[in-house]
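Visitor: Mind having a look at this structure? Questions to follow.
The values are calculated or read from the model by the stated rules, or taken from the named source; none is laboratory data. All values reported here derive from a predicted model rather than from experimental measurement. We place every Cβ from the backbone using ideal geometry, glycine too, and count neighbours over all the protein chains shown. Keep in mind that these areas ignore ligands, DNA and RNA; they rest on the heavy atoms of the full protein, side chains included. Shrake-Rupley method; radii C 1.70, N 1.55, O 1.52, S 1.80 Å.
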Amino acid sequence: MVTCRYCTEGYRDLPFPFDDIGLGREGEPASLDMEHEMSFEGLIGMLRSWSAVTTAKQQGVDLLGERVVKELEEEWGGASLVRKVTFKAFLLAGTPRADD
C-alpha cells in the first residue's frame, strides 16, 4: 500500500525492483506537471475526497467547515472563478529484472 510518506517524498523512497526504461528509476522518479482548469466547486470536491478529510469527518472533525470554505473561496477569488491549477505527478516505469 502506498502511504502518504511515499507521496510527500515524491516516491523517491518507493522500492522499485525493476530495470528502468528511461521514465524514472528507483530513487529518481520522473516529475511531471499536469495542468487542469478547475472551478472552486471542483477544488472543494477534490479536497473533500482526500482520505485525511474523510477520516477526520468520520471522527467528528469537519476540516472543511463553512468558515474554512469561505476563507478558501475568498483566496480563490470567488466561487465563479475557474483557475488553472498544476498538479505535480511522479512516474516510475520499468521492466522485470533479468535475474527475477
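Visitor: What residue, among those in segment 32-41 that are under 20 Å from Val82 (Cα atoms) and exposed (fewer than 14 other Cβ atoms within 10 Å of the Cβ), is farthest from the chain's Cα centre (by Cα)?
Guide: Glu41
Visitor: Separate question: Every residue in segment 1-26 that is among the small types (Gly, Ala, Ser), closer than 15 Å to Ala93 by Cβ and surrounded by 11 or more Cβ atoms within 10 Å (Cβ to Cβ), please.
Guide: Gly24, the sole residue that qualifies.
Visitor: If you don't mind, another one. Could you list all residues from segment 42-63 that are farther than 17 Å from Phe87 by Cβ, surrounded by 12 or more Cβ atoms within 10 Å (Cβ to Cβ) and out of contact with any helix residue (DSSP H, G or I) (no Cβ under 8 Å at 6 or more places or on another chain)?
Guide: Ala56, Lys57 - these are the residues of segment 42-63 that are farther than 17 Å from Phe87 by Cβ, surrounded by 12 or more Cβ atoms within 10 Å (Cβ to Cβ) and out of contact with any helix residue (DSSP H, G or I) (no Cβ under 8 Å at 6 or more places or on another chain).
Visitor: Return the pairs, sorted by first residue and then second, in which the second residue is among the basic types (Lys, Arg) and not in a helix (DSSP H, G or I), the first residue lies in segment 67-78 and is on the phi > 0 side of the Ramachandran plot and surrounded by 11 or more Cβ atoms within 10 Å (Cβ to Cβ), the beta carbons are less than 8 Å apart, and the residues are 6+ apart or on different chains.
Guide: If the second residue must be among the basic types (Lys, Arg) and not in a helix (DSSP H, G or I), the pairs left are Gly77/Arg83.
Visitor: Which of (1) within 30 Å of Ala98 (Cα to Cα); (2) open to solvent by 60 Å² or more (accessible area, probe 1.4 Å) does Pro29 not meet, given it meets every other one?
Guide: Only one criterion is unmet by Pro29, namely (2).
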